[in-house]
Amino acid sequence: MSSWGTFGDLFRNWSAVAGMAIIVLILVVALAGPFLEPYDPLLPAPLKRLQGPSTDHPFGTDSLGRDILSRVISGARISILIGLISVAISLLPGTLLGLLAGYFGRWTDSAIMRSMDMLMAFPAILLAIFITAILEPNLTNTMIAVGFVYIPHYARIVRSSVLSLKQQLFVQAVGHLGGSHARILLRHVLPNCLPPIIVYATLGMGMAVLQAAALGFLGLGAQPPTPEWGAMLSEGRQYIQIAPHVAAFPGAAILLLVLGFNLFGDGLRDVLDPSLRSQ
Amino acid sequence: MNPTILRAQDLVMHYPVKTAGSARHRQVVKAVDGVSLAVKPGEVFGLVGESGCGKSTLGRLLLYIEKPTAGRVFFEDDDLGNFDRRLLKRFRREAQIIYQDPYSALNPRQPVGSIIEEPLVIHAIGTAAERRKRVAELLQVVGLRPDQAARYPHEFSGGQRQRIVIARALALNPRLILADEPVSALDVSIQAQVINLLEELKDRFGLTYIFISHDLSVVEHICDRVAVMYLGRLVELADRHFFYQKPLHPYAKALLSAAPVTDPHAGRNRQILGGDVPSPINPPPGCTFHPRCPRRMPVCSKERPRFQEVEPDRWVACYLYFKPTAWCE
Amino acid sequence: MSAPILDISELTTCFATRRGPVTAVDRVSLTVNPAETLGLVGESGCGKSVTALSVLRLLPKPAGRITGGQILFKGRDIVSLPEAKMRRIRGNDISMIFQEPMTSLNPVYSVGFQIVEAIRRHRRMNRHAARQEAVRMLSLVGIPDPEARVDDYPHQLSGGMRQRVMIAMALSCHPQVMIADEPTTALDVTIQAQILDLMNRLKAEIGMAMMLITHDLGVVAETCQRVAVMYTGRIVEEADVGELFHKPAHPYTVGLFYSLPKRGGQREKLKPIPGTVPSLLRLPPGCSFQDRCFRSDDQCRQDPPWAKIGLGHWARCWHPVE
């Protein structure tokens with residue numbers, strides 16, 4: 001597996017292309033959001049409560065009469081932000097810990113990986129609840145919580161890449177030439193660890209969105225009136241019998257975004273590193 | 001000129017085996033079990049043996065890439081064990097390595113010019129422009145074109161990649177090169193090209209090689225002296241002519257007779273060595289070769305034969321050629 | 001002289017790759033006679049392994065396909081045989097051993113189990129009898145203490161032992177042809193000597209025919225009666241072993257011999273073949289060796305004919321070496 005000349009392959013992989021299409025669509029919606037929203041997503045209109053989909057309100061209105069389409073559009077920005085920031089919060093410390101554990105081994109490895117094991121032993125959702133309960137429940141803390149929960153996963157992936165890279169002669173060669181550990185780690189080990197990190201990060205964005213939605217569903221995530229899709233799902237739960245559209249549309253949006261990330265991530269993995277194709 | 005460029009004294013390398021259980025039962029891999037040798041400047045010193053004999057480990061110890069469990073290595077007159085990090089880094093400029101596997105020896109994400117340049121960068125030699133010039137020079141020296149410096153390793157064949165490995169090893173102008181099975185992974189016709197290149201480079205730059213290989217024909221062709229290893233110990237060391245004409249140690253004899261000869265009409269009068277190579281975790285007592293030796297004597301299982309000079313510049317560790325010390329007691 | 005047991009003529013195998021179809025085996029014709037070893041020699045990528053896989057119809061699907069020629073096993077063409085019938089031949093009448101004994105043996109089953117499995121696939125035997133047979137095979141291939149070794153797992157055995165187990169498995173159904181693909185390349189030289197000696201003995205004892213694939217000319221000299229040299233998917237020279245080693249005719253074969261360091265020789269500089277093997281996607285027209293050949297000229301741009309060099313000795317060349 002060599003340099004980055006695999007972009008052509010990416011476009012030939014239907015999964016990656018489909019995923020990219022969905023993500024780009026949602027990205028565009030997110031970025032153009034304020035211009036696309038037909039109504040103010042936060043403005044209640046008590047007279048129009050729980051109206052079904054119509055030409056005026058293609059997605060209907062919610063319990064406070066707000067236009068669901070506008071709220072879904074507005075929520076796209078939030079969800080993508082959640083994906084990006086949560087993944088960043090997991091990826092950076094996780095990668096660093098994985099690099100150190102894999103490269104230096106022995107005590108460093110044991111210390112780091114045992115703490116990662118402890119972290120992973122908690123069900124992600126419980127841990128996230130715990131964190132948001134300690135800090136106050138709001139969107140920022142949701143992202144921190146979700147990010148924190150996935151740190152061990154990146155540490156593991158990176159550590160495993162590092163362990164196999166350590167066996168490669170070119171990594172040993174830098175040391176034989178007189179290179180320092182820092183040089184080896186930053187210029188030789190890390191760049192070769194990137195494919196699995198990238199793949200996992202892409203799939204991880206989908207997972208982060210789901211986790212944030214779950215937290216939002218439990219009322220621990222973004223607080224009303226923020227139009228976060230999970231929170232919207234939660235609101236809609238009460239009305240599922242009489243006004244299913246309130247939950248259905250945000251739910252579908254979550255599904256679509258996560259699907260997009262998963263398809264793209266799968267395609268990316270097939271192109272970058274078919275050896276990861278395990279589960 | 002110093003009579004030896006590199007000298008090893010009683011080198012030992014023991015690796016603990018990770019097994020569950022109490023410390024009392026912890027086992028040790030005796031990868032290198034007491035090796036002493038001296039390499040002369042300008043020579044090609046061959047080190048042969050089969051898998052598990054410890055030759056690669058010995059190579060790493062000789063260049064102090066790993067610290068031996070016991071024993072010393074002298075580069076010219078300096079004990080490498082006394083070198084701090086700075087001095088060891090300086091030593092790396094004098095002694096370099098060529099590896100067996102040209103496919104994993106180069107970073108797939110680094111352009112070839114950068115790979116060759118890296119040793120110069122690590123040691124802060126020259127300006128960027130000077131380094132670029134040197135890279136172009138080195139590429140030409142190994143038979144590649146300077147305009148290929150921007151390409152990536154996967155664009156080159158196995159033989160070409162090995163040339164890049166060689167170019168990188170030469171970048172710092174080393175005096176000594178450890179070649180660890182440098183041609184084993186290459187096809188026959190490419191092997192010949194690389195062997196010729198190594199010989200040219202040795203003559204051109206006055207290099208000394210420590211040449212590790214399992215291929216006796218290649219060793220016979222390129223080496224001046226040959227040392228044979230078995231289970232972590234040297235069993236014979238001799239000038240190439242004498243070794244190939246008349247090996248002394250029974251293992252060396254078996255090795256030479258086992259290697260297939262490219263002559264269908266050569267007598268199939270081969271000495272087939274029975275049994276398998278025992279594990280370096282529990283080597284047999286006394287002479288490690290005695291269980292498979294067709295000439296073994298009772299003393300061979302009791303006392304380990306010393307590695308002794310039995311003729312001028314001819315060393316053997318075998319009681320067929322000298323008496324055990326126990327007899328004198 | 002009896003009829004050849006394996007008669008391959010004009011075999012052509014193609015692979016579909018991203019960059020277009022590649023002809024890995026190009027109109028190859030070979031014969032293997034009973035109780036004889038045919039050596040198939042060439043460097044990596046020349047198509048010798050693919051030839052073996054083609055005979056046993058073990059090509060990776062869907063990329064690899066036999067696109068032409070016929071393979072007669074005891075007079076019957078097996079290229080077009082339905083898979084069910086082919087399975088009865090594979091491992092039974094024609095068996096194969098591979099280069100890496102560790103990856104060819106299943107690490108989670110004992111070696112005895114694997115041999116028994118092979119036996120019971122093709123012969124009607126109950127488990128007890130099959131196990132006895134497995135022990136007998138292990139002893140035949142020279143494994144000491146076979147009654148105990150039969151329950152060992154592959155990782156408990158050394159490389160040489162594992163290769164012997166592979167040979168035992170391959171022999172367990174008394175095949176008439178054994179195809180050995182680089183059987184000793186991964187082994188130490190003293191173990192290689194043991195295995196080659198074993199294979200020679202077995203061939204003499206049970207009269208089996210063998211196709212030995214290797215890049216090592218020394219191994220060929222020790223074990224083969226006839227040799228075929230392959231380059232870029234084509235046979236370029238074929239001869240009895242003595243003839244080939246003393247009077248090689250095709251410039252590629254000559255070049256190979258010049259590339260080898262000679263034992264017991266003066267230190268002459270090696271004369272390697274210049275350049276590298278061309279990619280199968282970009283072969284020159286006519287003779288694929290012409291760009292590296294010291295005897296080539298314009299005529300070589302046409303497909304070279306088979307030139308008769310001596311009795312049973314042929315070279316596909318316009319200008320064979322005298």
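Values in this text are rule-based calculations from the coordinates and carry no lab data. As the structure is a computational prediction, the values presented were derived from the model and not from experiment. When we count neighbours, we look across all protein chains shown, and the Cβ atoms used for this are built from the backbone with ideal geometry, even at glycine.
When all alpha carbon pairs of the protein assembly as shown are counted in 10 Å bins from zero, the resulting P(r) reads 2, 10, 16, 19, 19, 15, 10, 6, 3, 1, 0, 0 %. Report the charge-dipole magnitude of chain C in Debye, nearest 20, computed about the Cα centre from +1 at each Lys and Arg Cβ and -1 at each Asp and Glu Cβ. For this selection, approximately 740 debye.
For the listed peptides A:202-214, C:277-289, C:86-98, C:165-177, a ranking on the average number of other beta carbons within 10 Å per residue, highest first, reads A:202-214, C:165-177, C:86-98, C:277-289.
Inter-chain neighbour count for A:162-170: the average number of beta-carbon atoms from partner chains within 10 Å of each residue's beta-carbon is 4.
Between C:His155 and C:Ser279, residue separation times 0.36 nm minus the direct Cα-Cα distance comes to 40.9 nm. Only Cα sites of segment C:270-322 enter the Debye sum here, all with the same form factor; the resulting log10 I(q)/I(0) across q = 0.18, 0.19, 0.26 1/Å is -0.65, -0.72, -1.08, listed in q order. Treating each Cα of chain C as one equal point scatterer and applying the Debye formula with no solvent, the log10 of I(q)/I(0) at q = 0.09, 0.14 Å⁻¹ comes out as -0.49, -1.13. Modelled spin labels at C:Ser9 and C:Thr185, positioned 7 Å past Cα toward Cβ, are 3.1 nm from each other. Along segment B:309-317 the Karplus relation, 6.51 cos²θ - 1.76 cosθ + 1.60 evaluated at θ = phi - 60°, assigns HN-Hα couplings of 7, 9, 9, x, 6, 9, 10, 9, 10 Hz to successive residues, with x for each Gly and Pro.
Residues considered: B:Ser217, B:Ser189, B:Ser56. Largest GNM mean-square fluctuation over chain B, using C-alpha springs under 10 Å, is found at B:Ser189.
Simple point charges give the picture: +1 on the Cβ of Lys and Arg, -1 on the Cβ of Asp and Glu, and for segment B:28-119 a dipole about the Cα centre of about 260 debye.
Shielding of C:174-186 by partners, i.e. mean partner chain Cβ atoms within 10 Å per residue?
0
If you take the beta carbon distance between C:Ala35 and C:Ser80 as r and set R0 to 30 Å, what does 1/(1 + (r/R0)^6) give as a FRET efficiency, to the nearest 0.05? FRET efficiency, C:Ala35 to C:Ser80: 0.60.
Placing unit charges on the Cβ atoms only, positive for Lys and Arg and negative for Asp and Glu, gives the protein assembly as shown a dipole magnitude near 840 debye about its Cα centre.
Taking every alpha-carbon pair under 8 Å whose residues sit at least 6 apart, segment A:182-239 reaches a relative contact order of 22 percent. Net charge near A:Tyr200, counting Lys/Arg +1 and Asp/Glu -1 over other residues with Cβ under 10 Å of its Cβ? Around A:Tyr200, the surrounding residues sum to +2. Here's how it looks for A:Gly221: its modeled amide H is under 5 Å from those of A:Gly216, which are all 5 or more places away or on a different chain. Amide H contacts for B:Val235 (H built 1.01 Å from N in the peptide plane; partners 5 or more residues away or on another chain; cut-off under 5 Å): B:Val228, B:Met229, B:Tyr230. Coupling constants for segment A:248-263 follow from the phi torsions by the Karplus curve (6.51 cos²θ - 1.76 cosθ + 1.60, θ = phi - 60°), and in residue order they are 4, 5, x, x, 5, 5, 4, 4, 5, 5, 5, 4, x, 4, 5, 4 Hz; glycine and proline get x. Note: relative contact order over segment B:85-176, using C-alpha pairs below 8 Å and six or more positions apart, is 46 percent. Set the Förster radius R0 to 30 Å, insert the Cβ-Cβ distance between C:Lys247 and C:Lys269 as r into 1/(1 + (r/R0)^6), and round the FRET efficiency to 0.05. Efficiency for this residue pair is about 0.80.
Selection among C:Thr37, C:Thr13, B:Gly143 by position relative to the dipole of the protein assembly as shown gives C:Thr37 as farthest towards the positive end (Cβ unit charges, Cα centre).
Apply 1/(1 + (r/R0)^6) to the Cβ-Cβ distance of A:Thr108 and B:Asn173, taking R0 = 45 Å, and write down the FRET efficiency to the nearest 0.05. If you can, show how the numbers build up before the last one.
On the way: r = 36 Å, r/R0 = 0.80.
It comes out at approximately 0.80.
Rounded to two decimals, the Cα radius of gyration of segment A:61-105 over 2.2 N^0.38 Å is 2.01.
Computed from the alpha carbon positions, the gyration tensor of chain A leads to an equivalent ellipsoid with semi-axes of 41, 22, 13 Å, biggest first. Taking segment A:244-262 and a reference point 7 angstrom along Cα→Cβ of A:Val24, the backbone N atoms nearer than 16 Å belong to A:260-261.
Scanning residues 5 or more positions from C:Asp152 or on other chains, those with amide H under 5 Å from its amide H are C:Val111, C:Gly112, with H placed 1.01 Å from N in the peptide plane. Listed here are the pairs B:Lys133/C:Lys269; A:Lys166/B:Lys40; B:Lys30/B:Lys246; B:Lys253/B:Lys323; B:Lys55/C:Lys271; C:Lys61/C:Lys203; which of them are more than 27 Å apart at the Cα? In this structure, B:Lys133/C:Lys269; A:Lys166/B:Lys40; B:Lys30/B:Lys246; B:Lys55/C:Lys271; C:Lys61/C:Lys203 lie more than 27 Å apart at Cα.
The local environment of A:Leu190, defined by Cβ-Cβ distances under 12 Å, has a net charge of +3 under the rule Lys, Arg +1 and Asp, Glu -1. With the biggest extent put first, the Cα atoms of segment C:36-131 measure 44, 33, 30 Å across the principal axes.
Here the spin labels are modelled as points 7 Å beyond Cα on the Cα-Cβ line, and at C:His174 and A:Phe130 they lie 6.9 nm apart. Remark: C-alpha extents of segment B:75-149 on the principal axes read 43, 31, 23 Å, sorted largest to smallest. When the Cα positions of C:Tyr153, A:Pro244, C:Tyr231 are compared along the charge dipole of the protein assembly as shown, C:Tyr153 comes out farthest toward the positive end, with charges on each C-beta of Lys, Arg, Asp and Glu. Taking label points 7 Å from Cα along the Cα-to-Cβ direction, B:Gln308 and B:Ile281 give a separation of 3.4 nm.
With contacts taken as Cα pairs under 8 Å and at least 6 residues apart, segment A:52-186 reaches a relative contact order of 27 percent. Over the residues of chain B, the helix contribution to mean residue ellipticity at 222 nm works out to -8500 deg cm²/dmol, using -39500 (n - 2.57) for each DSSP H run of at least 4. Dividing the convex hull volume of the alpha carbon atoms of segment B:36-168 by its residue count gives 145 Å³ per residue. Once the chain from B:Ser157 to B:Ser51 is taken as fully extended at 0.36 nm per residue, the excess over their C-alpha distance is 35.5 nm.
Adding -39500 (n - 2.57) for every DSSP H run of four residues or longer, then dividing by how many residues chain C holds, sets the calculated 222 nm ellipticity at -9000 deg cm²/dmol. Taken residue by residue and averaged, Cβ atoms of other chains lying within 10 Å of the Cβ of C:277-285 number 1. With a cut-off of 12 Å between beta carbons, the residues surrounding B:His290 carry a summed charge of +4, where Lys and Arg count +1 and Asp and Glu -1.
For segment A:131-144, 3J(HN,Hα) computed residue by residue from phi via the Karplus equation (6.51, -1.76, 1.60; θ = phi - 60°) reads 5, 5, 6, 6, 7, 6, x, 8, 4, 4, 5, 4, 5, 4 Hz, glycine and proline entered as x.
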